[in-house]
Every structure is written in structure tokens, then in C-alpha cells.
């Protein structure tokens, strides 16, 4: 899942948990909303940890070679 689908799950879960006032036999929409919000938050965390930089930026190492020149020549 990506960030977009995680946000959709969070929004859908919040709508079901907080904005609906529907009574269905055998189904509790508040619990389903909380479960969707939890799944959305966990998938967002997994996405953030998966897409974070795996290594720090490499620094270029420049080696300077000095040649010895004999001033008497």
C-alpha cells in the first residue's frame, strides 16, 4: 500500500467511526471505522519505513596526488 491508500483508509474509517449514525443488525460501524483507521495508520508507517533512505548520502572522497619535483633539475 502507498500513502494514498493509507489516507483513504484513514478517512473512510474516520467517516464510519465519527460521522455515521446508522444502526445495522449485527454490524457495528464504529468498530469497523476504528479498524480501518488502525489499518491505515499501520500501512502508512510501513510505507514510511520502507521508503526512507536506506543509506546515508555518500560523500565523495578526493585523493590528491602530489608528485615530488626536484628543484635542482
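The values are calculated or read from the model by the stated rules, or taken from the named source; none is laboratory data. These numbers were taken from a predicted model, which means no experiment stands behind them. Quick reminder, even Gly has a Cβ in these numbers, built from the backbone with ideal geometry, and neighbours come from all protein chains shown.
If only residues of the stretch 40-57 that are surrounded by fewer than 14 Cβ atoms within 10 Å (Cβ to Cβ) and more than 8 Å from the chain's Cα centre (by Cα) are counted, the one that is modelled with the highest pLDDT is 42. Taking each residue of the stretch 28-39 that is at pLDDT below 95 and looking for partners that are surrounded by fewer than 13 Cβ atoms within 10 Å (Cβ to Cβ) with beta-carbon atoms closer than 7 Å, six or more apart or interchain, yields 29/22.
Filter the stretch 1-37 down to the residues that are in a loop (DSSP other than H, G, I, E, B) and more than 21 Å from residue 47 (Cβ to Cβ) and list them by number. Within the stretch 1-37, 20, 21, 22, 23, 25, 26, 28 meet the criteria.
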